[in-house]
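The values are calculated or read from the model by the stated rules, or taken from the named source; none is laboratory data. Remember, it's a predicted structure, so these values are computed and weren't measured experimentally. A quick note on method: Cβ atoms are made from the backbone with ideal geometry, for glycine too, and the neighbour counts reach across all protein chains shown. Surface areas here come from the heavy atoms of the whole protein model, side chains and all, with no ligands, DNA or RNA. Shrake-Rupley method; radii C 1.70, N 1.55, O 1.52, S 1.80 Å.
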Amino acid sequence: MSRFGLLILVTFLTGTSVGSFSSASLAQSVSGQQGEAVSRIRQVVVYGNQRLEVGTIQSYLLLGPGDPFNPQLIDLSLKTLFATGLFADISISENNGALVVSVVENPIINRVIFEGSRALKEDKLRDEVEAQPRAIFTRARVQSDVQRIVELYRQAGRFAATVTPKIAEQPQNRVDLIFEISEGPVTDVRRINFVGNVIFTDSELRRILATEESRWWKLLTSNDNYDPDRMEYDRELLRQFYGDKGYADFRVVSSVAELTPDRKNFFITFTIDEGVKYKFGDISVTTELDALDTEILESLVSIKPGSLYKNKSIDNAVDGLTFAAGATGYAFVEVRPNRKRNRDERTVDLTFAVNEGPRVYLERIDIVGNTRTLDKVVRREVQLVEGDAFNRALLDRSRNLIRRLGFFKEVEITEQAGSRPDRAVVVVTVEEQPTGELSLGAGFSSIDSFLLDISISERNFRGRGQFLRFAITASTRRRSVDIRFTEPRFLGRNMSAGFDLFNIRSNFLREANFQTESFGGGVRLGLPITANSSLFLRYTLRNDTITAPRTIRTDVFGNPVRDANGNFTFICTASAQICSQIGARLTSLVGFTLRWDRKNDPISPTRGFDLSLDQDFAGFGGDVKFLRTRVQGNVYRGLIKDFILSGHVDAGFITGWGGRDVRINDRFFKGGLSFRGFDIAGIGARVVELVPDGNGGFTQVGRDALGGKAYAIGSVELEFPVGLPEEYGIRGALFSEFGTLGLLDASDKVVANSTRFVIEDRLSLRATAGVSIFWDSPFGPVRFDFSNVFKSEAFDDVRTFRFSQTTRF
């Protein structure tokens, strides 16, 4: 570096003008020429350096051999050396024509040690401090790190924490830097007070805040510790609360946190001005965009004049207008709500100005946080590509599509400034979550015993978004081997394809007195129709074998009867309706599923609906002929905070054709998770035994379940928080389910002994109500269902409790 460059560096570090240095040097030079001969530097000698080369130190000096001794330049050289931060002490002197520079180098940090840190992990402290091993030790940096550590403890609610830095000298001018930490007690929030509130009580306002008052039973929450950032968030929560209650003039005058003398507790006081309650006045929309019709835009605003003023309603209207303009083709649109308060009438007039904003195009799309999932899996769900016009509506839809994959716990899409004012960088930040699933299901019935169900699946196979499931299920009711594979982007196109292979043995001996064994396979193809609808096609070929209990046939003397080959002959001991179904049949069917999804969120919807229509046609070859139709629908509506009301409907019908009746394994069986309050196959047509009651009457005892060709089940559910901290992952739901199942072919209603057995085939109403508890446990989702059946038939199979669990990996 030239001396002039060093002069500029010193100017930057000290703030002294270059002109003053030049004038001083010039004056010194002139005085030297006019007076006696000037003493000049013969050599530069450096003492005390250990790690640094002599040439490196000399390069920071503003004068050298041959230059006259200049006190000002010597002083500036001294400041330059100190400004490097490499030295603890420096002195510059003259000795027999030599410029002697004596230095004491700052030591090198060998280790950074934290003593006494129990509340905060060392990794968090190391990330915060600037001092690192092999860095140069300076006192200024250490004091700065002390302040950073103290601030971390304050954020953790420990305002009495103190940090004392110490050093332990090591050989070769190295030191161990030790931060001795006295954490002190947790500083709790003893009391939260409000001044100026008239409409709402202190207790009502405290429930709104994120900060909580400390109580002895709040052992697993940290919200009762004082945090200045959380307090600022509380101010915003108060504004939102009052703003959604009609108080447009509300403001937080001040928020003060007072620390007690013992530094153990805080008293927080919010001073507020509630103002008066407003209603919405005139609502209008203005725009300068030719393609937008103001009347249509006004019809999209759900705010009605005379309704209660709510900031949330304004935000929703802005989102709706932005989306509508984006769907029309205006990617660069700004919607500004202009408020006009009529204080005498206590109304707020709103005018939404919809105008075109600055044109911005996508420069780059970055995917961040996908440690396992390939970039292309996320990128193909983004509805924009580099070079497209920025469109908020399409980005919001992209976020929902990425969340719908089910691979990520969190998905956020943010924008950053690009290399030019008209360029933007879109950053898709994801947080991976387990996509493998080890499923464990268990249940308890008032009639049956404990059952177990295990399967394993991977929804993001090899990080490519492929679905692979290999299930080996073993329970008292079901044994199966099931292999499924789905490629979501078949041949690189926006359509899915997959195949299924299965071998399933189902035991319905207790419910219906028969067993089935099915093996076969199928292929599937799915493709989108519109942005919210899709079509799935399938073909399945399977062989179904039905068996029933049997015993050796005997003659009138009790001797076994043999056939012509000497083998024992058997007789079916089940009902005639079951025995007539015994045998193997080949089923060849084609089908489709049409889905329409308008939910606002694919994982946790709070409004919207979804519908699906399924149809299967069996008879393209094989031995079975039927047409089966199913319709399912769900609707969601968020009520107050975290309360979600939902309705569900599920209906189906199957009928044979070509003179064929519907086999029992193709009928509908409902109960268990499909109708809470009843066991699997707990409702529907059934063989009923008439048992004499001793009083000349009969008691109906349900025997073999026969299912039905038609069913319709509806349910209403209110999901709600249970009052525990959100990190516990526990929620509850009140539910009511109602529906019916039945309708058999005429041949299935005939009984041989009508005095003892009858076929009950009533499409009668069943209804239940109860509560479900959902727990997102460390082992996976756990669900408990408690049901009360208040409408049923005497022969139905009731289950009042069910438990299920899924473990993810």
Item checked: Filter result (touching a strand residue (DSSP E or B) at 6+ places or on another chain (Cβ under 9 Å) and open to solvent by less than 70 Å² (accessible area, probe 1.4 Å)) within region 152-169 -> Tyr153, Ala156, Gly157, Arg158, Phe159, Ala160, Ala161, Val163, Thr164, Pro165, Ala168
Notebook entry, point to check: Does Asp666 count as under 27 Å from Lys749 (Cα atoms), open to solvent by 20 Å² or more (accessible area, probe 1.4 Å) and either acidic (Asp, Glu) or within 28 Å of the chain's Cα centre (by Cα) (or both)?
Noted result: no
Item checked: Where Val523 falls short, out of the listed (1) surrounded by fewer than 15 Cβ atoms within 10 Å (Cβ to Cβ); (2) touching a residue at least 40 places away in the same chain (Cβ under 8 Å); (3) closer than 20 Å to Leu586 by Cα -> (2)
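Quick grid of which residues meet (1) farther than 25 Å from Ala88 by Cβ; (2) β-branched (Val, Ile, Thr); (3) in a helix (DSSP H, G or I); (4) at pLDDT below 85:
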{"site": "Arg126", "(1), (2), (3), (4)": "no, no, yes, no"}
{"site": "Gln132", "(1), (2), (3), (4)": "no, no, no, no"}
{"site": "Val146", "(1), (2), (3), (4)": "no, yes, yes, no"}
{"site": "Phe159", "(1), (2), (3), (4)": "yes, no, no, yes"}
{"site": "Ile167", "(1), (2), (3), (4)": "no, yes, no, no"}
{"site": "Gln172", "(1), (2), (3), (4)": "no, no, no, yes"}
{"site": "Leu177", "(1), (2), (3), (4)": "no, no, no, no"}
{"site": "Glu180", "(1), (2), (3), (4)": "no, no, no, no"}
{"site": "Pro185", "(1), (2), (3), (4)": "yes, no, no, yes"}
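Are any residues in region 48-92 outside any loop (DSSP other than H, G, I, E, B) and open to solvent by less than 30 Å² (accessible area, probe 1.4 Å), and if so, which ones?
The initial filter retains those residues of region 48-92 that are outside any loop (DSSP other than H, G, I, E, B), namely 54-58, 68, 71-83, 87-92.
Matches in region 48-92: Ile57, Leu76, Ser77, Thr80, Leu81, Phe87, Ile90.
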Next item on the list: Select from region 113-123 the residues that are among the charged types (D, E, K, R) and either in a loop (DSSP other than H, G, I, E, B) or in contact with a helix residue (DSSP H, G or I) (Cβ under 7 Å, 6 or more places away or on another chain) (or both) and write down the one among them that is most open to solvent (accessible area, probe 1.4 Å).
Entry: Arg118
Checklist line | Tally, over region 134-144, of residues that are closer than 21 Å to Asp89 by Cβ, outside any helix (DSSP H, G or I) and either open to solvent by 40 Å² or more (accessible area, probe 1.4 Å) or not polar (S, T, N, Q) (or both) | finding: 3
Next item on the list: Examine region 644-653 for a residue that is at pLDDT 95 or above and open to solvent by 70 Å² or more (accessible area, probe 1.4 Å), and state whether such a residue exists.
Entry: yes
Notebook entry, point to check: Taking region 547-590 as the search range and keeping residues that are under 23 Å from Ala705 (Cα atoms) and basic (Lys, Arg), which one is surrounded by the most Cβ atoms within 10 Å (Cβ to Cβ)?
Noted result: Arg585
Notebook entry, point to check: In region 267-302, how many are among the acidic types (Asp, Glu), at pLDDT 85 or above and assigned to a loop (DSSP other than H, G, I, E, B)?
Noted result: 1
Next item on the list: Determine whether Asp704 is farther than 18 Å from Val789 by Cα and open to solvent by less than 20 Å² (accessible area, probe 1.4 Å).
Entry: yes
Next item on the list: Given the conditions (1) surrounded by 15 or more Cβ atoms within 10 Å (Cβ to Cβ); (2) touching a residue at least 40 places away in the same chain (Cβ under 8 Å); (3) over 30 Å from Asp273 (Cα atoms), report the number of the one that Asp188 does not fulfil.
Entry: (3)
Checklist line | Considering residues of region 669-689 that are under 35 Å from the mean Cα position of the chain (by Cα) and of a type in the set (Lys, Arg) only, the residue nearest to Val751 (Cα to Cα) | finding: Lys670
Note to self: Can you tell me which of (1) open to solvent by less than 40 Å² (accessible area, probe 1.4 Å); (2) hydrophobic (A, V, I, L, M, F, W, C); (3) in contact (Cβ under 8 Å) with a residue 24 or more places away in the chain; (4) not in a loop (DSSP other than H, G, I, E, B) is the one Val104 doesn't meet?
What the structure shows: (1)
Check: Applying the selection to region 240-266, what residues are in contact (Cβ under 8 Å) with a residue 60 or more places away in the chain and in a helix (DSSP H, G or I)?
Finding: Gln240, Gly243
Notebook entry, point to check: Under the condition of being farther than 13 Å from Gly671 by Cβ and among the aliphatic types (A, V, I, L, M), which residue from region 769-801 is least open to solvent (accessible area, probe 1.4 Å)?
Noted result: Val782
Notebook entry, point to check: Of the residues that sit in region 369-385 and are open to solvent by less than 70 Å² (accessible area, probe 1.4 Å) and of a type in the set (A, V, I, L, M, F, W, C), which one is farthest from the chain's Cα centre (by Cα)?
Noted result: Leu384
Notebook entry, point to check: Ser255 fails exactly one of the following numbered conditions: (1) open to solvent by 40 Å² or more (accessible area, probe 1.4 Å); (2) over 27 Å from the mean Cα position of the chain (by Cα); (3) hydroxyl-bearing (Ser, Thr, Tyr). What is the number of that condition?
Noted result: (1)
Note to self: Report every pair of residues separated by at least 6 positions or lying on different chains whose Cβ atoms are under 9 Å apart, first residue within region 300-314 and of a type in the set (Val, Ile, Thr) and open to solvent by 60 Å² or more (accessible area, probe 1.4 Å), second modelled with pLDDT under 90 and assigned to a loop (DSSP other than H, G, I, E, B).
What the structure shows: none
